[in-house]
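> Here it is, the structure in full.
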Amino acid sequence: MAKKASKKKKNSTGKKSSGNVYTKIITIILAVIIVGFIVYKLLPETKSDSNKNISTKIIEQNDSNAAIKKEAQKEEDGKEAEPAKPAKADKPAKKPRSTAAVAKSIEGCWMSTTGGAVLTMKDFEYRIDFMGVDSGKPVIGTYVVENNIITFSNKQDPCKETKGTYEMTFDKHEISFKCKDDDCTKRKSTLVTDWEWLEE
């Protein structure tokens with residue numbers, strides 16, 4: 001009888017120990033599930049936070065790139081706004097003669113190539129003498145030179161104090177006058193021709 005009782009005791013402790021193992025396993029499985037669930041819930045939030053940080057950094061980088069582009073565009077616009085420098089010509093342009101040089105170079109006696117008249121110019125005074133028996137009085141007056149424009153004004157009749165403006169074309173041996181405005185018919189008809197240099 002004593003042997004049977006000890007066997008029964010052994011069996012009951014065996015059942016208890018196996019029951020404890022199952023309980024531990026179930027507890028571990030539940031703990032793993034709970035921890036996995038918690039990790040699963042927390043992990044997307046962490047990912048979204050990191051994604052937010054990345055997207056924030058990208059936006060900031062794009063903003064800084066846009067600011068750099070704006071600055072570069074402003075600099076380019078500033079350069080374009082600067083006045084363009086004129087292109088250098090292959091040959092330097094001829095400088096117009098000064099008024100004093102022109103006035104000096106036309107002084108002297110000139111003979112009309114078409115109609116027997118002599119034009120004398122000196123010290124801003126001029127005189128047109130006509131040749132022939134019925135030539136009439138000379139035309140006497142003053143002149144003013146500005147670049148290649150000359151303005152005559154008569155001191156006496158015909159056309160006393162009437163001004164006449166002409167454009168001059170001349171070199172050392174020839175001069176010609178193109179009328180721009182002159183109401184004095186005699187002076188106009190005489191001057192509008194080519195003249196040759198009489199004095200060297």
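The values are calculated or read from the model by the stated rules, or taken from the named source; none is laboratory data. Values in this document were obtained by computation on a predicted structure and should not be read as measured data. Cβ placement follows ideal geometry from the backbone for every residue including glycine, while neighbour counts extend to all protein chains displayed. Ligands, DNA and RNA are stripped out before the accessible areas are found, and what is left, the full protein with its side chains, is counted by its heavy atoms. Shrake-Rupley method; radii C 1.70, N 1.55, O 1.52, S 1.80 Å.
> Considering only residues of the stretch 143-200 that are touching a helix residue (DSSP H, G or I) at 6+ places or on another chain (Cβ under 6 Å) and of a type in the set (D, E, K, R), which is surrounded by the most Cβ atoms within 10 Å (Cβ to Cβ)?
Only one residue fits best here, namely ASP182.
> Still on this structure, I have one more. Return only the number of the condition from (1) assigned to a loop (DSSP other than H, G, I, E, B); (2) within 22 Å of GLU196 (Cβ to Cβ) that SER176 does not satisfy.
The one condition SER176 does not meet is (1).
> Give me the pairs: first residue in the stretch 177-200 and closer than 17 Å to GLY116 by Cβ, second residue basic (Lys, Arg), beta-carbon distance under 9 Å, and six or more apart or on different chains, which are they?
Hits for this filter: VAL192/LYS178; TRP197/LYS172.
> Report, by residue number, each residue of the stretch 103-117 that is in a loop (DSSP other than H, G, I, E, B) and either open to solvent by less than 40 Å² (accessible area, probe 1.4 Å) or more than 11 Å from GLU196 (Cα to Cα) (or both).
Let us first name the residues in the stretch 103-117 that are in a loop (DSSP other than H, G, I, E, B), namely 106-107, 113-116.
Answer for the stretch 103-117, where residues must be in a loop (DSSP other than H, G, I, E, B) and either open to solvent by less than 40 Å² (accessible area, probe 1.4 Å) or more than 11 Å from GLU196 (Cα to Cα) (or both): ILE106, GLU107, GLY115, GLY116.
> Here is a list of conditions, (1) among the aliphatic types (A, V, I, L, M); (2) modelled with pLDDT of 90 or more; (3) within 19 Å of the chain's Cα centre (by Cα), and ALA84 meets all of them except one; can you say which number that is?
Here ALA84 meets the rest and fails (2).
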